[in-house]
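S.K.: Let me give you the structure first, and then I'll get to my questions.
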Amino acid sequence: MSKRIDVKDLNVYYGKFLAVEDVNLTIEARSVTAFIGPSGCGKSTFLRTLNRMHEVIPGARVEGEVLLDGDDLYDDAVDPVHVRSQIGMVFQRPNPFPTMSIRDNVLAGVKLNSKRISKSDADALVEKSLRGANLWNEVKDRLARPGSGLSGGQQQRLCIARAIAVSPEVILMDEPCSALDPISTLAIEDLINELKNDYTVAIVTHNMQQAARVSDKTAFFNIAATGKPGKLIEYGNTADIFNMPKEKSTEDYVSGRFG
Amino acid sequence: MTRRPSQFTKNKLPRWAIWAVLAGALILGAAFSALLGFSLVTMSLFAAIFFVVGGTAASGAVEGSRKAKDRLATYLIYGAFIVAVLPLLSVIWTVLERGLPGMTSDFLFRSMNGLTGAIDNQTVAEGTPVLGGAYHAILGTLQITLWATIISVPVGLLAAIYLVEYSTGGPLSRAITFFVDVMTGIPSIVAGLFAAALFGLIFGPGTRTGFVAAAALSVLMIPVVVRSTEEMLKIVPNELREASFALGVRKWRTITKVVIPTAISGIASGVTLAIARVIGETAPILVTAGFARGINLDVFGGWMSTLPTYIYYQIITPTSPTSTDPSIQRAWAAALVLIILVMMLNLAARLIARMFAPKTSR
């Protein structure tokens, strides 16, 4: 598992509006890459282009190439559903399916696609995924209970368990901790550290300490002004971005002088 | 040491004051009503006026104008509520009072087959229980409504799914929304005539069966189902759809397995309310299913009665023109059965909504 992503000359549009301009970067396999930047700079938009969730929004489209281990995700013949089954996603707000139990939420990726799975395989997958999301010990006695009854942090880890249950190559996280308290945030950050042993992880965050704590590489996005496209300003090792950034605007942002 | 009264409690009307105003209003109301020749209706009317005026004035004097306006608005809203509920209670009371005597097992499980005016005359002359019943009409109501539901729910559900999940606000979806709005306003007799004319064209003039009636009712039901389903699908959070897409689930599977189950309670109760809306229709049934005196279990052949048309014919053309009492009793009993059916449907809607509602218990 886990593949690398190469992004080449990527432009992202909402209708005629150019939201993100000319991004080139490489996300290494088995690493955590953080995207930081002020609100509206296009980092979430960019993240969503990596598994073609972007085009769910009417009018949204993409120019350029996104390669997963050399395979273009935006080739005409590519089925976006197939892309998404390889590149999972965790959203800003925890969104377990309200009609399903904890167990069914974990199995959602399998069951919603009506794949046949024996009960013992399903049990094993549930336990493996929940253990992978550090949630097993908290919920193992109430797997049949609704997922929406869990706390916010537990729900978010349930969503991570749901994402890793379909064994993706890459996991994208869009501000996964912004709706959580510090303790739940810590649990998720620990989890991200473990996930990078098996998966490629890309995370959008507003919290620079979080980026510094969890990521190996950091990409800083910025916009010149409202209405202008977002751009990738600087990309490098997290330590370099935070300690000796090359660009003035990166330094201003990470040192808290702006944004 | 006693505590001094809080500065915040001043200018408050004591609790007994409002009861005193009510008592005074009742006495004054009785007095004024007696002047016009006492009746309960005029007394309550006068008492209500005195209470609203007196209560507002008392509050204005003690509590100031802001509180007084608040009280006035509160009383007026209570008044509006009472005015709205009284007719409903009165209807239920009247139907119960007149319908209960006719609710015999004979009425519920026998049709009007073979029942002639002579039998009704004999019943009145000898004072024996009323014979004949509405079994055929109950069966007809259930069959026609069932078929109307079978036609309307798939059409309405799929239209709503198209509008919410697939359309991007193009001309087609705007046209559908427009025509659904127009359909909501179609008078029911027009829907009946439409179905009669349509089936008349296909199967020859004068085609009247239960199925034609069901088609007419579905014209009335479809817009209700579309509208309520559309609203329910719209409130399903987009995050759930995205969560499903992000797991590599196809769009139509996302709709059938995530979106609809999340909204099913609202959809089910919307459908039930749509059924309750058409079950009492009379005019479209008259022109599409005709009228039958006996049991007809075939919706595709032969005339059929429903409870509303049964009531209509019992009142307009009593079985015995000379002694109409048995027919009127049967009409009231049928009205009671119809009301009970509608109430059961409403209860069912609530039960369904509760059964399917997403569970949030810890």
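Throughout, read-outs are computed from the coordinates displayed, never taken from laboratory work. For clarity, every value in this text was computed on a predicted model and none was experimentally measured. Ideal geometry is used to build each Cβ from the backbone, glycine not excepted, and the neighbour counts take in all protein chains shown.
S.K.: Mind listing the phi-derived Karplus ³J(HN,Hα) values for the range B:40-51, rounded to whole Hz, using 6.51, -1.76 and 1.60 with θ = phi - 60°, and x for any glycine or proline?
M.R.: Taking θ as phi minus 60°, the curve returns 5, 5, 5, 4, 5, 4, 4, 4, 4, 4, 5, 5 Hz for the range B:40-51.
S.K.: May I pose another question? Once Lys and Arg get +1 and Asp and Glu get -1 on their Cβ, which of B:VAL249, B:GLY266, B:ILE316 lies farthest toward the positive end of the dipole of the range B:226-362?
M.R.: My answer, from the dipole projection, is B:VAL249.
S.K.: Taking a 32 Å limit on the Cα-Cα distance, which of the listed pairs A:LYS3/B:LYS257; A:LYS8/B:LYS234; A:LYS16/A:LYS111; A:LYS3/B:LYS234; A:LYS3/A:LYS119; A:LYS16/B:LYS251 fall beyond it?
M.R.: Among A:LYS3/B:LYS257; A:LYS8/B:LYS234; A:LYS16/A:LYS111; A:LYS3/B:LYS234; A:LYS3/A:LYS119; A:LYS16/B:LYS251, the Cα-Cα distance tops 32 Å for A:LYS8/B:LYS234; A:LYS16/A:LYS111; A:LYS3/B:LYS234.
S.K.: Compute a Gaussian network model of chain A, connecting alpha carbons closer than 10 Å, and tell me which residue from A:LYS231, A:LYS119, A:LYS196 fluctuates the most.
M.R.: Its mean-square fluctuation being the largest, the pick is A:LYS119.
S.K.: Between B:MET355 and B:SER39, what is the label-point separation in nm under the 7 Å Cα-to-beta-carbon projection?
M.R.: 4.9
S.K.: Can you give me the long-range amide H partners of A:ASP22? Hydrogens built in the peptide plane at 1.01 Å from N, cutoff under 5 Å, separation of 5 or more residues or another chain.
M.R.: Answer set, sorted by chain and number: A:LEU10, A:ASN11, A:VAL12.
S.K.: Take the alpha carbon gyration tensor of the range B:241-362, find the square roots of its eigenvalues, order them as a ≥ b ≥ c, and report rounded if a/c is under 1.5; if not, report prolate when a/b exceeds b/c, else oblate.
M.R.: Prolate, since a/c reaches 1.5 and a/b exceeds b/c.
S.K.: On to the next question. With springs connecting C-alpha atoms under 10 Å apart, model chain A as a Gaussian network and identify which of A:ILE203, A:ILE223, A:ILE160 has the largest mean-square fluctuation.
M.R.: A:ILE223
S.K.: Also: Please build a GNM for chain A, connecting alpha carbons under 10 Å apart, and tell me which residue among A:ASN113, A:ASN95, A:ASN105 fluctuates the most.
M.R.: Largest GNM mean-square fluctuation: A:ASN113.
S.K.: Around A:ASP9, what is the net charge, scoring Lys/Arg as +1 and Asp/Glu as -1 over all other residues with Cβ under 13 Å from its Cβ?
M.R.: Result for the local shell: -4.
S.K.: Here is a further query. Between A:ALA225 and A:SER167, how many nm apart are label points set 7 Å from Cα along the C-beta direction?
M.R.: Between A:ALA225 and A:SER167, the label points sit 5.3 nm apart.
S.K.: Moving to a separate point now. Going by how many other Cβ atoms sit within 10 Å of their own, how do A:PHE221, B:PHE199 line up, fewest first?
M.R.: Ranked by crowding around the Cβ, least crowded first: B:PHE199, A:PHE221.
S.K.: Here is a further query. Which of the GluC sites (Glu not before Pro) found in the range A:49-144 are in a DSSP loop and have at most 13 neighbouring Cβ atoms, other than their own, within 10 Å?
M.R.: none
S.K.: Among A:TYR235, A:TYR199, A:TYR14, B:TYR310, which comes first, then next, by fewest other beta-carbon atoms within 10 Å?
M.R.: Ascending number of Cβ neighbours within 10 Å: A:TYR14, A:TYR235, A:TYR199, B:TYR310.
S.K.: Still on this model: Contact order normalised by length for chain A, with contacts defined as Cα pairs under 8 Å and 6 or more residues apart; what percent is it?
M.R.: Rounded, it is 28 percent for chain A.
S.K.: So for the pair B:PHE179, B:ASN113, with labels modelled 7 Å out along Cα→Cβ, what separation do we get in nm?
M.R.: 4.2
S.K.: A further question follows. What does the charge count near B:GLY156 come to, summing +1 for each Lys or Arg and -1 for each Asp or Glu among other residues with Cβ under 13 Å from its Cβ?
M.R.: Summing Lys and Arg as +1 and Asp and Glu as -1 gives 0.
S.K.: Classify chain A as rounded, prolate or oblate from the Cα gyration tensor: take a ≥ b ≥ c as the square roots of its eigenvalues, call it rounded if a/c is under 1.5, otherwise prolate when a/b beats b/c and oblate if not.
M.R.: Here chain A falls in the prolate category.
S.K.: Write down the percent of antiparallel bridges among all DSSP beta bridges whose residues are both part of the range A:5-254, to the nearest 5.
M.R.: DSSP beta bridges in the range A:5-254 are roughly 55 percent antiparallel.
S.K.: Going Cα to Cα from A:LYS248, which lysines come in below 22 Å? Please leave out same-chain ones fewer than 8 positions away.
M.R.: A:LYS43, A:LYS217, A:LYS228, A:LYS231
S.K.: Can you list the lysines whose alpha carbon sits under 21 Å from that of B:LYS69, skipping same-chain ones fewer than 8 residues off?
M.R.: B:LYS10, B:LYS12
S.K.: While we're on this one: Which of the three applies to chain B, rounded, prolate or oblate, going by the alpha-carbon gyration tensor with a ≥ b ≥ c and a/c under 1.5 meaning rounded?
M.R.: Oblate, since a/c reaches 1.5 and b/c is not below a/b.
S.K.: Continuing with the same structure: So for chain B, averaging the separation of alpha carbon pairs under 8 Å that are six or more residues apart and normalising by length, what relative contact order in percent results?
M.R.: Averaging sequence separation for qualifying contacts and normalising by length gives 20 percent for chain B.
S.K.: Which ordering of B:SER218, A:SER178 is given by a fewest-first count of other beta-carbon atoms within 10 Å?
M.R.: So the residues, fewest neighbours to most, are A:SER178, B:SER218.
S.K.: Right, something else. For a Förster distance of 35 Å, can you work out the FRET efficiency between the beta-carbons of A:ASP9 and A:ARG145, rounded to the nearest 0.05?
M.R.: E between A:ASP9 and A:ARG145, to the nearest 0.05, is 0.15.
S.K.: Another question about this same structure. Please work out the Cα center distance from the range B:1-40 to the range A:1-35, rounded to the nearest Å.
M.R.: 74
S.K.: Using only Cα atoms and rounding to the nearest 10 degrees, what angle (0 to 90) does helix A:182-195 make with the longest principal axis of chain A?
M.R.: Computed tilt is about 90 degrees.
S.K.: Here's another thing I want to ask about it. Based on the Cβ-Cβ distance of B:ARG277 and A:LYS248, what FRET efficiency does E = 1/(1 + (r/R0)^6) give at R0 = 51 Å, to the nearest 0.05?
M.R.: Once the sixth-power term is evaluated, E becomes 0.15.
S.K.: Given the -39500 (n - 2.57) contribution per DSSP H run of 4+ residues, what per-residue ellipticity at 222 nm results for the protein assembly as shown, rounded to the nearest 500 deg cm²/dmol?
M.R.: -18000 deg cm²/dmol
S.K.: For B:PHE81 and B:TYR162, calculate 0.36 nm times their separation in residues minus their Cα-Cα distance, and state this gained length in nm to one decimal.
M.R.: Extra length from B:PHE81 to B:TYR162 when fully extended: 25.2 nm.
S.K.: Still on this structure: Pulled fully out, how much extra length does the chain show between B:LEU89 and B:ALA31, if you take 0.36 nm times their separation in residues and subtract their Cα-Cα distance?
M.R.: So the chain would gain 18.1 nm between B:LEU89 and B:ALA31.
S.K.: Any idea what the dipole of the protein assembly as shown comes to, in debye rounded to 20, about its Cα centre with Lys/Arg Cβ at +1 and Asp/Glu Cβ at -1?
M.R.: 1800
S.K.: Using a 10 Å cut-off around each Cβ of peptide B:290-296, what is the average number of partner chain Cβ atoms that fall inside?
M.R.: Mean number of neighbouring Cβ atoms from other chains: 0.
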